[in-house]
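Read through the structure below, which is laid out as structure tokens, and then see the notes.
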Amino acid sequence: MSELAKNGTPGVPGAEGTFWIRSESLAMIRCPTFHFTPPSSDEVKRVLWKGPAAAISYVIEPNEHFPPNTWLYLCQDHSYIVEKLSKAARRDVRRALRSLVIAPIDWPVLLEKGWKAYSETETRIGLSDDSPVTFRRHYEHFSRNPCHHVIGAWKDDSLVAFMTLVVVDDWVEIEGSFFADAHKGLCPSNGLAHYVLDHFLVQRKFRTVSYGMSSIQEENGKTGLHAYKTKVGFEARPAHRIFVFHPLLHPFVNRLSLRIMNTALRIMPGDRRLKKAAGVLAKMISTANSETSKQNYYGNDCTRSS
């Protein structure tokens, strides 16, 4: 896990081999995301102040106090094969394997060839705050960490899709998946997911492949993403996602702040960070009536649930 801290990935070590890394400029998330043990109050405070972080996020097992509010997408099937998938999934994976060349690629290749797939994916999900310059800057920084890898899907000399990975110890997390509109019919995302599951679980015997968790953003397409991830071989495991705001920000966790954010979103509907912040704040406010019992459960008055 210490590999995540190398080459430009700032973070804070956690308990039981976990590590807190930046997911956005002002937020941090615990890795691996599928670690369910609640952090101690001391660890939460240390990450918020040492990060420093405006907010941090982690998951716990659901219970009567903390009902499921997110999905974790995991696969631990070391006997994974295409034949275990549904008929439609088998068809789509085989179409991708017939039509595309899928293999790891070098970062300079992604920087040169990946913008089209990236930008068209961002547009499809309602984000528009990136440019070729920010794309290059992001992946130049991302590529400096030896835990970060990229798999590409090629049609002739066109990089039609790519998938970015975080590979640590005996687990892998799919960090992002992008494809160009013109080649959607070739099912590149299905082919990339198959490559990752086969390569890491079957051939290399890794413990877990994770496809992250369901989004907290209030946007269209969640059902489609859920269907896709479960279709290609991942189990949707219910979890409860906790968000903790920095104590200095608690006075701003209110409906007035949410109205201001929603007004800003009408002006800048494609702003990624604003959408995530508004989603988190809306969920926190919606559960405000049960906060007292949750604080008592954790013994930590700075914990908030999504």
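The values are calculated or read from the model by the stated rules, or taken from the named source; none is laboratory data. Remember, it's a predicted structure, so these values are computed and weren't measured experimentally. As a convention, Cβ positions derive from the backbone with ideal geometry for all residues, glycine included, and neighbour counts pool all protein chains shown.
Numerical summary
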{"read-out": "Any hit, the range 201-220, residues being free of Cβ contacts under 8 Å to residues at least 12 places away in the same chain and not hydroxyl-bearing (Ser, Thr, Tyr)", "value": "yes"}
{"read-out": "From Leu192, Leu186, Leu197, Leu201, residue being touching a Ser or Thr at 6+ places or on another chain (Cβ under 6 Å), assigned by TED's automatic domain parsing to the domain that holds Ile151 and modelled with pLDDT of 85 or more", "value": "Leu186"}
{"read-out": "Some residue of the range 159-174 being modelled with pLDDT of 95 or more, over 23 Å from Ile29 (Cα atoms) and either among the β-branched types (Val, Ile, Thr) or out of contact with any strand residue (DSSP E or B) (no Cβ under 8 Å at 6 or more places or on another chain) (or both)", "value": "yes"}
{"read-out": "Some residue of the range 114-123 being of a type in the set (Gly, Ala, Ser) and touching a residue at least 40 places away in the same chain (Cβ under 8 Å)", "value": "yes"}
{"read-out": "Filter pass, Ser23 being under 20 Å from the mean Cα position of the chain (by Cα), crowded, with 20+ Cβ neighbours inside 10 Å, polar (S, T, N, Q) and not assigned by TED's automatic domain parsing to the domain that holds Val172", "value": "no"}
{"read-out": "Within the range 45-71, considering residues that are surrounded by fewer than 22 Cβ atoms within 10 Å (Cβ to Cβ) and of a type in the set (A, V, I, L, M), the one nearest to Phe252 (Cα to Cα)", "value": "Ala54"}
{"read-out": "Entirely in the range 247-306, the helices (runs of 4 or more DSSP H) that have 3 or more residues that are in the same structural domain as Val47 (by TED's automatic domain parsing) and either touching a Ser or Thr at 6+ places or on another chain (Cβ under 6 Å) or at pLDDT below 70 (or both)", "value": "272-286, 291-298"}
{"read-out": "Residue, modelled with the lowest pLDDT, within the range 8-39, restricted to residues that are within 18 Å of Gly176 (Cα to Cα) and β-branched (Val, Ile, Thr)", "value": "Thr9"}
